[in-house]
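Take a look at the structure set out below.
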Amino acid sequence: MKQLLLFFAVFTTMVSQAQPDPVGNFNKHVIEKWTHEYIRVSQYRVKGSPYLLGESFNGDITMKSGVVTVDKKILYDIYEQKVGVDLDKKFVAPDGEVSGFFIQLPEAIGGEKLNFIKASNLPKVNLKGYLNVLTDGPKFAFLRQYKIRLVADPAEMYSKDIKLFEQYYDYYIYSKSNSTLTKIKLKPKDVLEVLGESAATAKENLSTVLGVKLAVESLNK
């Protein structure tokens, strides 16, 4: 039995690592091959893009009013946490408050359909911006927020006024029993503190996105 569980944990890690990491690949592209103009942010000239993966993607936007904008090119500005439509390479904000949206990544960068909700849609949550719903259920939701930080450009380490947009993720678990959103690291200790020891019975690798997703799904059944 122990050998079987060890094999499953290793297999889960291999599957997770085999999945493409669009954000990591995009950051690498910005560092090594970015040829576009710098963007002015405060006193800095910044290389890269404030938009998720640097471009627009096919998708829909749902407004708080219920109106849905269907099958448009969607731009998600993760630096400002704003979403809009790409019209002639320009960001155009929708008229009203956005409740949620989804975008479809092309097969070349994973082919994933990303569903986002406004964080404040969740009861008792004051987080700004949007959350990508990785899995949802009656007890818990596993969520991801795409974010950006300004970091030193490895190619311009001695230039104080040049920075790089580095895209990254924060992960959260939302407990529906007490309406709490908890930021976690992908470590078994963090995950078990939120989900409880019952999550350990799932025998998933809780240091991977796939492992946490499967554990949350098993507890929601």
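Take Leu53 and tell me if it is at pLDDT 90 or above, among the aliphatic types (A, V, I, L, M), in a helix (DSSP H, G or I) and under 30 Å from Leu210 (Cβ atoms).
yes
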In this structure, does Glu32 turn out to be within 16 Å of Lys147 (Cα to Cα) and either free of Cβ contacts under 8 Å to residues at least 24 places away in the same chain or surrounded by fewer than 16 Cβ atoms within 10 Å (Cβ to Cβ) (or both)? no
From (1) more than 28 Å from Gly48 (Cβ to Cβ); (2) among the small types (Gly, Ala, Ser); (3) touching a strand residue (DSSP E or B) at 6+ places or on another chain (Cβ under 9 Å), pick out the condition that doesn't hold for Ser159. (1)
Among the residues that make up region 165-185, is at least one of them over 19 Å from Lys128 (Cα atoms), among the aromatic types (Phe, Trp, Tyr) and touching a residue at least 24 places away in the same chain (Cβ under 8 Å)? yes
Being modelled with pLDDT under 90, within 30 Å of Lys33 (Cβ to Cβ) and acidic (Asp, Glu) narrows it down to one of Glu166, Glu204, Glu197, Glu156, so name that one. Glu156
Selection from region 70-85 of residues surrounded by 17 or more Cβ atoms within 10 Å (Cβ to Cβ) and either of a type in the set (A, V, I, L, M, F, W, C) or farther than 21 Å from Gln145 by Cβ (or both) yields Lys72, Ile74, Leu75, Ile78, Val83, Val85
Enumeration of residues in region 86-105 that are surrounded by fewer than 15 Cβ atoms within 10 Å (Cβ to Cβ), of a type outside the set (Lys, Arg) and in a strand (DSSP E or B): Leu87, Val92
How many residues does region 63-85 hold that are part of a strand (DSSP E or B) and in contact with a Phe, Trp or Tyr (Cβ under 9 Å, 6 or more places away or on another chain)? 10
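The values are calculated or read from the model by the stated rules, or taken from the named source; none is laboratory data. If you're wondering where the values come from, they're calculated on a predicted model, not measured in any experiment. Backbone-built Cβ (ideal geometry, glycine too); neighbour counts: all protein chains shown.
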